[in-house]
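Engineer: First the structure, which I've put down as structure tokens, then a few questions once you've had a look.
The values are calculated or read from the model by the stated rules, or taken from the named source; none is laboratory data. As the structure is a prediction and not an experimental result, all values here were calculated from the model. As a convention, Cβ positions derive from the backbone with ideal geometry for all residues, glycine included, and neighbour counts pool all protein chains shown. Side chains are part of the model used for accessible areas, which takes the heavy atoms of the whole protein and leaves out ligands, DNA and RNA. Shrake-Rupley method; radii C 1.70, N 1.55, O 1.52, S 1.80 Å.
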There are 2 protein chains.
Amino acid sequence: MSSIHTIQVPPAASPGNPITTIDTPALLLDADAFERNLDVMQARADAAGVALRPHAKAHKCPAIALAQIQRGAVGICCQKVSEALPFLQAGVTDIHISNEVIGSAKLDLLARMARHARFSVCVDHPDQVVALAAATTAHGSRIDVFVEINVGQNRCGVADARQVLQLLEVMSAHAQLTFKGLQAYQGGIQHIRDHAGRRDASGLAAARTAEVVDALDRAGVVCAVVTGGGSGSVEFDLASGVYTEVQPGSYVFMDGDYARNVYTNALRFEHSLFLATSVISVGNSDAGQVVVVDAGLKSLAVDSGLPTVWGDGGASTTLHYTVVNDEHGSVQMLNHDVAKPALGSQLLLVPGHCDPTLNLHDEIIVVRGGRVEVIWPVSARGHSR
Amino acid sequence: MSSIHTIQVPPAASPGNPITTIDTPALLLDADAFERNLDVMQARADAAGVALRPHAKAHKCPAIALAQIQRGAVGICCQKVSEALPFLQAGVTDIHISNEVIGSAKLDLLARMARHARFSVCVDHPDQVVALAAATTAHGSRIDVFVEINVGQNRCGVADARQVLQLLEVMSAHAQLTFKGLQAYQGGIQHIRDHAGRRDASGLAAARTAEVVDALDRAGVVCAVVTGGGSGSVEFDLASGVYTEVQPGSYVFMDGDYARNVYTNALRFEHSLFLATSVISVGNSDAGQVVVVDAGLKSLAVDSGLPTVWGDGGASTTLHYTVVNDEHGSVQMLNHDVAKPALGSQLLLVPGHCDPTLNLHDEIIVVRGGRVEVIWPVSARGHSR
């Protein structure tokens, strides 16, 4: 009898095999839809003359970052310092940490990485600048610095040009820190459903940004880069004349939450990310028209709503994911004429929120034409420090 | 200049160091509270003469399972087949898969593992029995089988004794499958806040279970084990005279959701699990009394509500975690007299739901007396197949 230590969980999928053979739950990426999403966004950014710096927090996957850069992206954003490491090691040479960073372990890692590639980071307080200067001095590295301004989300960011200038004064004592410009991100407007409402809110954030840029200009300070925007606001950000760089992330996958936005005459993206799940129980007569599937909270983020069951090219009109448990979920037939999916059959779900869903998985199974093409590791999964 | 491939994310903590030096976000386990929780539950199960089989889906951590077994637990439950492997490899010799399993990859792994330890699994459909029989035949292994009965959750489970007998008939053709008894779990009642309401609902589930046990008994079928129950119902399950085994999981940590239940004259557990987070921005005058911390959706599950800020031995009365983003959250001061936590300072959060929060982390930092004692891997993190 073999040792227990030779037992392994079998691979979820093998290249060449049909989708239906994939062990579930598993994240599937529709390669065709994914590539179209990348092409559409790059073409729109190019047409606007605005740099595209996609946010890697959405995918945490170096293979996807390299596909974005190959199409013309200038680099990527990461939300955490540790998140950046797998991308650096995969060959990404320009990484912006789109947040303030504090703490010696994080700053030490950032300063070490900055010896090997172009890195930038945000600040909104003098103490962050001083700590960043100390870490980069210790490692003999240089780093670009963005001052984050608050454009309505009331999260991070300074209030006005005067506070930007105060930070520039602190920065001026440290030659290894280069002021690059402003970060102006308003996360709160990305999911305004109404198109006009989202346009107006994006316009307000852009106007507030323009005020600070102008005030700095009058003070003789040039913002070489103004960066911000997300998948919900990017069409307006590209047209604003204010942003020189945009940071969308979710457009790659187009999750359920972003799909609930109304898009008119706008950038349109396709669902490319699905969670494959299997029916493990078909219940009993008491339980009515319900089946149980093997995908729950541990393979799906539900902070932006429950997943949608995917039908034939669109959301299913007959099957509804209604209850989420830790490792399972209930799928209800919307009327009694609908046959229950068979025990063991596979369903595809569109996650409500792609970013935290990706963070639950170690790999993405890339599929094309009904078969597995390649399996990509989600190398930055769990890199939250 | 060293190679980029020699750079690593530094460890979050080192044994012996003070809690305040832990790199955040990081999961902390208060060893004293944790051990008291384990002792209290084992003592109550022993006093009731009921076997304790804790649910490992709550912690996914072999070190915790071994601590439970060392105190008298008869084994563990796992919710998924792949989840069981790290526990088997760590020396757990009795594992119940508390769900139906379908699919050849999963059944093959289960049958392989069952050669090395006592395994049991649930069924509620004849096709599951047939598939299980085929896999165990292929591997020359034996497995104990529980028939799951629906006691009100309307998820998995057969409706009545007649359906149990139908499954026993299918099972009887396969000598390697041993009928062990019934699983009767009503997840829907675990979080009824009111004590009497929870007691009555638990009583209904137990009564329904007793009916099936009695009907089987009249048919000459003995249920050696009746297993079920969770941390919210366990006090009633222990006293029911129906359950011979209970499956609580969350009592180990006592998350925010379970803490919102009202317990009177009952089993009381302490919060032992905390997420350490750091203040990365103290905002600006426009943003009011808000600071931003480095713990969001990717280190905290929010399906059962936002986390609570932990104060001096209890929930903070002055700090409130109000907004969750992907990697960050906003903490608000509840009145203007409260000083803002300083930039870089550490806060402790009590997660709303422990099970999916654990699944976001690769390690648990065990602390005692203000210092790091040991670091335990969450070996079954992400094992959802």
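The rows are residues; the columns are (1) within 24 Å of B:Tyr263 (Cα to Cα); (2) in the same structural domain as B:Val147 (by the TED database); (3) in contact with a Leu (Cβ under 7 Å, 6 or more places away or on another chain).
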residue	(1), (2), (3)
B:Ile192	yes, yes, no
B:Arg198	yes, yes, no
B:Ser202	yes, yes, no
B:Ala205	yes, yes, no
B:Val212	no, yes, yes
B:Val221	no, yes, yes
B:Ala224	no, yes, no
B:Gly228	yes, yes, no
B:Gly232	yes, yes, no
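Engineer: Let me ask something else about it. Which of the residues belonging to segment B:256-286 are within 13 Å of chain A (Cβ to nearest Cβ) and either at positive phi or in contact (Cβ under 8 Å) with a residue 60 or more places away in the chain (or both)? Break it down stepwise before answering.
Structural biologist: Looking only at segment B:256-286, we keep the residues that are within 13 Å of chain A (Cβ to nearest Cβ), and these are B:257, B:275-286.
B:Asp257, B:Leu275, B:Ala276, B:Thr277, B:Ser278, B:Val279, B:Ile280, B:Ser281, B:Val282, B:Gly283, listed by residue number.
Engineer: Give me the helices (runs of 4 or more DSSP H) completely within segment A:37-139, filtered to those with at least 1 residues that are open to solvent by less than 10 Å² (accessible area, probe 1.4 Å) and within 10 Å of chain B (Cβ to nearest Cβ), ordered by residue number.
Structural biologist: Values: elements: A:62-70, A:81-89, A:104-113, A:126-139.
So the answer is A:81-89, A:104-113, A:126-139.
Engineer: Confirm whether B:Tyr243 is more than 14 Å from chain A (Cβ to nearest Cβ), among the hydroxyl-bearing types (Ser, Thr, Tyr), surrounded by 24 or more Cβ atoms within 10 Å (Cβ to Cβ) and outside any loop (DSSP other than H, G, I, E, B).
Structural biologist: Numbers: more than 14 Å from chain A (Cβ to nearest Cβ): yes; among the hydroxyl-bearing types (Ser, Thr, Tyr): yes; surrounded by 24 or more Cβ atoms within 10 Å (Cβ to Cβ): yes; outside any loop (DSSP other than H, G, I, E, B): no.
So B:Tyr243 fails the test.
Engineer: Moving on to the next point. Tell me which of these B:His116 doesn't satisfy, since it passes every other one: (1) on the phi < 0 side of the Ramachandran plot; (2) touching a Lys or Arg at 6+ places or on another chain (Cβ under 9 Å); (3) not hydrophobic (A, V, I, L, M, F, W, C).
Structural biologist: B:His116 satisfies all of (1) on the phi < 0 side of the Ramachandran plot; (2) touching a Lys or Arg at 6+ places or on another chain (Cβ under 9 Å); (3) not hydrophobic (A, V, I, L, M, F, W, C) except (2).
Engineer: Given the criteria buried (at least 23 other Cβ atoms within 10 Å of the Cβ), on the phi < 0 side of the Ramachandran plot and at pLDDT 95 or above, does A:Phe253 qualify?
Structural biologist: On the way: buried (at least 23 other Cβ atoms within 10 Å of the Cβ): yes; on the phi < 0 side of the Ramachandran plot: yes; at pLDDT 95 or above: yes.
Against the criterion (buried (at least 23 other Cβ atoms within 10 Å of the Cβ), on the phi < 0 side of the Ramachandran plot and at pLDDT 95 or above), A:Phe253 qualifies.
Engineer: A:Val164 passes all but one of (1) crowded, with 16+ Cβ neighbours inside 10 Å; (2) facing chain B (nearest Cβ under 10 Å); which number fails?
Structural biologist: Of everything listed in (1) crowded, with 16+ Cβ neighbours inside 10 Å; (2) facing chain B (nearest Cβ under 10 Å), A:Val164 misses just condition (2).
Engineer: Are any of the residues in segment A:211-223 assigned to a helix (DSSP H, G or I), loosely packed, with under 15 Cβ neighbours inside 10 Å, out of contact with any Cys (no Cβ under 6 Å at 6 or more places or on another chain) and modelled with pLDDT under 95?
Structural biologist: Checked segment A:211-223: no residue is assigned to a helix (DSSP H, G or I), loosely packed, with under 15 Cβ neighbours inside 10 Å, out of contact with any Cys (no Cβ under 6 Å at 6 or more places or on another chain) and modelled with pLDDT under 95.
Engineer: Related question: For segment B:141-155, indicate whether the set of residues that are part of a helix (DSSP H, G or I) and surrounded by fewer than 21 Cβ atoms within 10 Å (Cβ to Cβ) is non-empty. Spell out how you get there, then give the answer.
Structural biologist: Filtering segment B:141-155 down to residues part of a helix (DSSP H, G or I) leaves none.
Scanning segment B:141-155, I find no residue that is part of a helix (DSSP H, G or I) and surrounded by fewer than 21 Cβ atoms within 10 Å (Cβ to Cβ), so the answer is no.
Engineer: Return the total of residues in segment B:167-187 being more than 13 Å from chain A (Cβ to nearest Cβ), open to solvent by less than 30 Å² (accessible area, probe 1.4 Å) and either in contact (Cβ under 8 Å) with a residue 60 or more places away in the chain or closer than 22 Å to B:Ser240 by Cα (or both).
Structural biologist: Final tally of qualifying residues: 3.
Engineer: On the basis of being in a loop (DSSP other than H, G, I, E, B), without any contact (Cβ under 8 Å) to a residue 40 or more places away in the chain and not basic (Lys, Arg), does B:Gly203 make the cut? Break it down into steps so the answer makes sense when it comes.
Structural biologist: On the way: in a loop (DSSP other than H, G, I, E, B): no; without any contact (Cβ under 8 Å) to a residue 40 or more places away in the chain: yes; not basic (Lys, Arg): yes.
No, not satisfied.
Engineer: Just to be sure, is B:Val323 of a type in the set (A, V, I, L, M, F, W, C) and more than 26 Å from A:Val158 (Cβ to Cβ)?
Structural biologist: Values: of a type in the set (A, V, I, L, M, F, W, C): yes; more than 26 Å from A:Val158 (Cβ to Cβ): no.
For B:Val323, the condition - of a type in the set (A, V, I, L, M, F, W, C) and more than 26 Å from A:Val158 (Cβ to Cβ) - is not met.
Engineer: Another question about this same structure. Residue under question is B:Val246, and the condition is that it be over 24 Å from B:Asn335 (Cβ atoms), modelled with pLDDT of 95 or more and more than 23 Å from the chain's Cα centre (by Cα); does it hold? Break it down into steps so the answer makes sense when it comes.
Structural biologist: On the way: over 24 Å from B:Asn335 (Cβ atoms): yes; modelled with pLDDT of 95 or more: yes; more than 23 Å from the chain's Cα centre (by Cα): no.
In short, no.
Engineer: From the list A:Thr308, A:Thr322, which one is away from chain B (no Cβ under 13 Å) and not charged (D, E, K, R)?
Structural biologist: A:Thr308
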